[in-house]
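Structure, as structure tokens:
The values are calculated or read from the model by the stated rules, or taken from the named source; none is laboratory data. If you're wondering where the values come from, they're calculated on a predicted model, not measured in any experiment. Note that each Cβ is placed from the backbone with ideal geometry, even for glycine, and that neighbours are counted across all protein chains shown. Areas reflect the complete protein model, heavy atoms only, side chains present, ligands, DNA and RNA absent. Shrake-Rupley method; radii C 1.70, N 1.55, O 1.52, S 1.80 Å.
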Amino acid sequence: MTGRPRSVSDDEIFEAVAQTVTESGPAGLTLAAVARRAGLTPPALTQRYGSKRGLLIAFATREAGSVTTVFDEIRATGAGPLEALRDGLVAFTAPITTREGMANNLAFLQLDLTDEDLREHSVKQSRALRAHLTELIRAAGLTGADPAELADTVYAIYAGAQLTWAIDGEGELGPWLARRIDRVLAPYRVLEM
């Protein structure tokens, strides 16, 4: 016997989680808040995920697995490897439009770092990001750079530029981040095939 069809997909629920985190931080991340944003009831979320913790683990699992999709979608537009690298990293930060949103996401990161089940997924996402950056740098055919080392540097710039923007950056995060990634890659673009 099959149950009733789901009126709201997991992806829509996970989008509601991401929006709630950015808007309200961990303190405001309740089943009621996510359910309201997704157009469901808290019991519907509990039935699907078991608990708030179950929802967070499902969300973290999806986030860790989304890395390939983001870069594949950008590559499908015809972007070259280095443009896909930059635009993919910018895409990961697209929901963050205010310093408060960044602070809320950083507060959520604290959960990821201190909860072993959530941390496992953060580690997977971090390693997947660096692997994709390495692959894109390698695909660009750059000479004079070790792809893994340059990917690690770009990843550090990606993380650090988000913090410097939150502290004293100007304008929107996406362009701020893109300029810094382009700056790191500029010496290698001359050598690009």
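I'd like to check one number: the per residue accessible area of the range 1-130, probe 1.4 Å, reported in Å² as a whole number.
54
So what's the net charge close to GLU149: Lys and Arg +1, Asp and Glu -1, counting the other residues with Cβ under 15 Å from its Cβ?
-1
Can you tell me the 0 to 90 degree angle between the C-alpha axis of helix 81-93 and the longest principal axis of the chain, rounded to 10?
30
Quick one: 3J(HN,Hα) in Hz for the range 181-188, Karplus 6.51/-1.76/1.60 with θ = phi - 60°, rounded, Gly and Pro as x.
Working through the residues one at a time gives 5, 4, 4, 5, 7, 3, x, 8 Hz.
Can you classify the range 2-126 as rounded, prolate or oblate using the Cα gyration tensor, where a ≥ b ≥ c are the square roots of its eigenvalues, rounded means a/c under 1.5, and otherwise it's prolate if a/b beats b/c and oblate if not?
Prolate, since a/c reaches 1.5 and a/b exceeds b/c.
Mind giving me the nanometre distance, one decimal, between the label points for ASP72 and THR30, set 7 Å out from Cα along Cα→Cβ?
Taking the two extended label points, one gets 3.8 nm.
Over all directions, average the projected area of the Cα convex hull of the range 68-129 and note it in nm².
Projected over every direction and averaged, the Cα hull of the range 68-129 covers 4.7 nm².
I'd like the GluC sites (Glu not before Pro) in the range 119-193 restricted to DSSP loop residues with at most 16 other Cβ atoms within 10 Å, sorted by number.
Those satisfying the criteria are GLU170, GLU172, GLU192.
Using each residue's phi in the range 119-129, evaluate 6.51 cos²θ - 1.76 cosθ + 1.60 at θ = phi - 60° and report the 3J(HN,Hα) Karplus result to the nearest Hz, with x for Gly and Pro.
Those phi angles translate into 4, 3, 6, 5, 4, 4, 5, 4, 5, 5, 4 Hz.
Per residue of the range 68-76, in order, report the coupling 6.51 cos²θ - 1.76 cosθ + 1.60 (Karplus, θ = phi - 60°) as ³J(HN,Hα) in whole Hz, putting x for Gly and Pro.
4, 4, 4, 5, 4, 5, 5, 4, 5
At 0.36 nm per residue, minus the direct Cα-Cα distance, what do VAL123 and GLU15 gain on full extension? Give it in nm, one decimal, please.
36.8 nm
When only Cα pairs under 8 Å and 6 or more residues apart are kept, what is the percent relative contact order across the chain?
22
Report the local net charge at ARG127: Lys and Arg +1, Asp and Glu -1, summed over other residues whose C-beta lies under 15 Å from its C-beta.
Summing Lys/Arg as +1 and Asp/Glu as -1 gives -2.
Around ARG183, under 14 Å between beta carbons, what's the net of Lys plus Arg minus Asp minus Glu among the other residues?
Cβ neighbours under 14 Å give a net charge of +3.
Give the shape of the range 78-193 as rounded, prolate or oblate, defined through the alpha-carbon gyration tensor: a ≥ b ≥ c are the square roots of its eigenvalues, a/c under 1.5 means rounded, and otherwise the shape is prolate if a/b is larger than b/c and oblate if not.
oblate
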